[in-house]
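The values are calculated or read from the model by the stated rules, or taken from the named source; none is laboratory data. From a predicted model like this one, the values you see are computed outputs, not experimental measurements. Here the Cβ positions follow ideal geometry from the backbone for every residue, glycine too, while neighbour counts run over all protein chains shown. Side chains are part of the model used for accessible areas, which takes the heavy atoms of the whole protein and leaves out ligands, DNA and RNA. Shrake-Rupley method; radii C 1.70, N 1.55, O 1.52, S 1.80 Å.
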Amino acid sequence: MIFSPLKGFLLAALLWLPLAFFVWFWFASPLVWPVIHLSKVILLHAWPSLFTDVSQGADLLDAQGRVVQHAGYLMQLSSGVLVNAAPAGMPPKFGFLEPVVNPMIYGYALPLFAGLVLATPLTRRQRALQIVAGGTVILLAQAFGVVAESLKSVGLDAGPEGAAAVHRLGISAEAIALCYQFGYLILPALVPAVLWIICNRSFIETLIRRDNAEPAAAGRVEAPSSGE
């Protein structure tokens, strides 16, 4: 079976994507390190009274509250928001809110973009440059999502204490919700596709021209000679 250039590229992408996602998940902790540190700089400098510390790594708990494992790809927040952690009807038990954010849910754009680049016929240097440049843009988009979720965790999910804290800083709850939805639903899917199209526009145009030319060539039928 002979594949058209477009089908050949799609097949190559399908073969590269699982490997790219495997590598991305296997090296999750070092890959989220720059995202967490960039988010830390933004959160601690922009809202120092709201966030007191940001660190990489957090414990995963089971239904009984026991520690299952320590996940290095998670981000632990320490906030200045004091909340009552006691169940309803129990004596008050106050403590500072310390939510956990998972940067990985905003980072699947990286293996998606890498899989597309690896499936594209490029030189090694071109592939490396595209992955590095695209990875930098994806890192910024991922940090946007992490910062938005951090604000959501403290300002929208923490009850009236969190809502009051962000209100005192002049942060709109609607703006937090909008940024969270944009960073969670739109950026991770849109950014890798846009980056790949921008970096490989000439290849895409050639791919489409060849794919459109093949049906036209196949549809040509030679006219029978007059002697037949």
The range 138-158, subset among the charged types (D, E, K, R) and assigned to a helix (DSSP H, G or I), residue farthest from the chain's Cα centre (by Cα): K152
Test set (1) closer than 22 Å to S39 by Cβ; (2) part of a helix (DSSP H, G or I); (3) open to solvent by 60 Å² or more (accessible area, probe 1.4 Å) - E161 fails condition number: (1)
Any hit, the range 119-130, residues being small (G, A, S), out of contact with any Gly (no Cβ under 6 Å at 6 or more places or on another chain) and within 24 Å of L190 (Cβ to Cβ): yes
Any hit, the range 84-107, residues being in contact (Cβ under 8 Å) with a residue 24 or more places away in the chain, in a loop (DSSP other than H, G, I, E, B), over 30 Å from I198 (Cα atoms) and out of contact with any Phe, Trp or Tyr (no Cβ under 9 Å at 6 or more places or on another chain): yes
Residue in the range 110-128 that is surrounded by 23 or more Cβ atoms within 10 Å (Cβ to Cβ), touching a strand residue (DSSP E or B) at 6+ places or on another chain (Cβ under 8 Å) and not aromatic (F, W, Y) present: no
Subset tally (residues that are among the aliphatic types (A, V, I, L, M) and either modelled with pLDDT of 95 or more or within 21 Å of the chain's Cα centre (by Cα) (or both)) for the range 47-59: 2
Whichever residue in the range 158-207 is of a type in the set (D, E) and under 19 Å from W47 (Cα atoms) and, among such residues, is modelled with the lowest pLDDT: E161
A177 free of Cβ contacts under 8 Å to residues at least 12 places away in the same chain and open to solvent by less than 50 Å² (accessible area, probe 1.4 Å): no
Among the candidates S55, S79, residue that is open to solvent by less than 50 Å² (accessible area, probe 1.4 Å) and free of Cβ contacts under 8 Å to residues at least 24 places away in the same chain: S55
Residue match in the range 35-45 (condition: assigned to a helix (DSSP H, G or I), farther than 21 Å from S172 by Cα, in contact (Cβ under 8 Å) with a residue 24 or more places away in the chain and open to solvent by less than 40 Å² (accessible area, probe 1.4 Å)): yes
